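Have a look at the structure below before the remarks.
The values are calculated or read from the model by the stated rules, or taken from the named source; none is laboratory data. Please read these numbers as outputs of a predicted model, since none were measured by experiment. Here the Cβ is made from the backbone with ideal geometry for all residues, glycine too, and neighbour counts use every protein chain on show. Each accessible area value is taken on the protein alone, full model and side chains, heavy atoms only, with ligands, DNA and RNA left out. Shrake-Rupley method; radii C 1.70, N 1.55, O 1.52, S 1.80 Å.
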Amino acid sequence: MQIIIVGCGKVGSTIAEQLSVEGHDITIVDTDESVVQALATRLDIMGVTGNGATHSILMEAGVEEADLLIAVTESDELNLLCCMVGKKAGADHTIARVRNPEYSQDIGFMKKELGLAMTINPEYAASTEMARLLRFPSAIEIDTFGRGRVELLEYKIEADNILAGKSLIDVGRNIKSDILICAVERREDVIIPNGSFVLQSGDIISVVASTENARDFFKKVGCSSNEVKDTLIVGGGTIAYYLANQLIPLGIKVKIIEKSYERCEELSAMLPNAVIIHGDAADKDILLEEGIENCSSFVSLTGIDEENAFLSLYAKSVSGAKIVTKINRISFDDIIEKFDLGSMIYPKHITAEYIVRYVRGLQNSVGNNNVEALYKIIHGEAEALEFYIKEDSNMTDKTLEAMPIRDGVLVAGIIRDGKVMIPNGKSIFKKNDSVIIITKITGMQNLEDILK
C-alpha cells in the first residue's frame, strides 16, 4: 500500500519502521529536514520536507495515489487539518492522532465530518493498558481478543511456583484449567511450545484463556488475581489523567505526585476524587511520606525514562506493590528490559500496533478472513492475531490435525457464538468464528497464511 506519514517524532518513526517492515511503500513528511533525511536513509523510504497540512507538500508526497495518510505531529489541530486536506486531495483513508482530553467528547463528530477512518490517542491507549494490568496484577502484560472475551496474559514463573519443572502435559493434567500456554520467553529465546516442553523458573509464559478461566488458573498456581485497592502515580501528565479517570470509577484510590504546582491545580480541578500532591518524587522522603511502602500499586509516568526506571526499582525494593513503568525511548528497550521494572508500557509500541492492525485489516477487507486484532508480544518477537471468518472456505469444516499448519504457528483459541474454546487436533473452523493465532512469523494478512 502507498502510505504517507506526516510527523517524524517518536510515534511517527515507530509507525514508519513497522509499516516498512510490513512491505508497504512509505513516504514521510516533516518540517525538520535533518530528521526526514535520517529516517528516510535508515529505513530506505521516501522523504519530503515541509508542512504536511499544505496541499503542495502533500501533492509532492504523492497524496493523489495514497491509500492511507497518517498524521501524527505534536499538534492535534495540525493533524486534523492535514487529514482534511489529504482527504480532499485524494487520499483514500486518513488517520489522525488526537491527544487533547478536551476533544475526547467530539471524536465521533470529527470522524464523521472530516472523513477520518480512525483517530489514535497514544496516551489514552497506554492508560487503558495500565488500568487492565492493575485489575489483574499477577500479569506482566494483558491483551484482549473477541471484544474482551479472551485474554492473552504474560506471567513470570518464580522459583517457588508450582509450574516450575512441569511439562505442559503435566500442567494440563494437574491444574485442570481450560487455558493454553502458547508461548514461552526463556532468556533470549522465544519458543512456541509443545506438550512435552518443560517450564523453568524465570520463564515468562503467555497464557490464552477466557477472563474467568484466567482467574481460575492464577488462583490454582497460587497467585492473587484481585485488582489493586489503591495506586500511587508519579507524574501528572496526560496519561496520569486518563489512568485516574479509569481507576476511580472502579473504586481504586488514586494519589498523584506532580512537581509542577500549576499542573497540580489543573489536576485538582479535573480529578476532584483523586489526591494530588505537589512535590518532587525524586526525593524518597516524599515517597515514604505519601505511603509508597504500603501502596498496592505504583505507576511511574514522568517524562524521563531513567527517572521512571529508578523510581520503579525503588518502589520494588521497599514495597510489594504491583509496578508499572512507562518507557518512551524504544531504542534502549533491550537494556531497560534487563531490569525488573514490573510491567513496562511503551505508548509508541501500542500506537504502532493499532495502526498496523488497521492497515492489515484494510488490505484484506475484500477477503474472507479479516484481521480483527493484532498484538506484538514478547518484546516484538512474536505476534498474536485474531481473524474473523466471514465465509465458508477451504479452511472451514476441516480438523486442525488435517491442516498443513506452518512451523512456528499455533492456533490458540476459537470464539464461536460468544463462547471461548481452547482447540485441539479435532477442532474445526466454522463461518463466523474468530480464530486466535500465535506465531513467530510476521506479516500475516489472512488466515490462510498459517498453512504451508
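In the stretch 1-49, how many are of a type in the set (S, T, N, Q) and in a helix (DSSP H, G or I)?
Number of matching residues: 7.
Looking only at the stretch 422-435, decide whether some residue is over 23 Å from D178 (Cβ atoms) and assigned to a loop (DSSP other than H, G, I, E, B).
The answer is yes; a qualifying residue exists.
I169 fails exactly one of the following numbered conditions: (1) at pLDDT 90 or above; (2) closer than 26 Å to R132 by Cβ. What is the number of that condition?
Condition (2) is where I169 drops out.
Restricting the search to the stretch 43-97, which residues are over 29 Å from the mean Cα position of the chain (by Cα) and of a type in the set (D, E, K, R)?
E60, E64, E65, K88
Which ones in the stretch 280-331 are outside any helix (DSSP H, G or I) and basic (K, R)?
K322, K326, R329
Would you check if F298 is aromatic (F, W, Y), open to solvent by less than 30 Å² (accessible area, probe 1.4 Å), at pLDDT 85 or above and farther than 24 Å from I3 by Cα?
yes
Is there any pair linking a residue in the stretch 31-58 that is in contact (Cβ under 8 Å) with a residue 12 or more places away in the chain to one that is assigned to a helix (DSSP H, G or I) and basic (K, R), with Cβ under 9 Å and at least six apart or on different chains, and which?
Final answer for the pair search is H55/K88.
Could you please find all residues in the stretch 251-274 being open to solvent by 70 Å² or more (accessible area, probe 1.4 Å) and part of a helix (DSSP H, G or I)?
Y261, E262, E265, E266, A269, M270
Residues being surrounded by fewer than 16 Cβ atoms within 10 Å (Cβ to Cβ) and touching a residue at least 40 places away in the same chain (Cβ under 8 Å): count how many of those fall in the stretch 179-207.
Number of matching residues: 3.
Of the residues I323, I345, I327, I277, which is in contact (Cβ under 8 Å) with a residue 60 or more places away in the chain and either surrounded by 13 or more Cβ atoms within 10 Å (Cβ to Cβ) or in contact with a Leu (Cβ under 8 Å, 6 or more places away or on another chain) (or both)?
From the options I323, I345, I327, I277, the qualifying one is I345.
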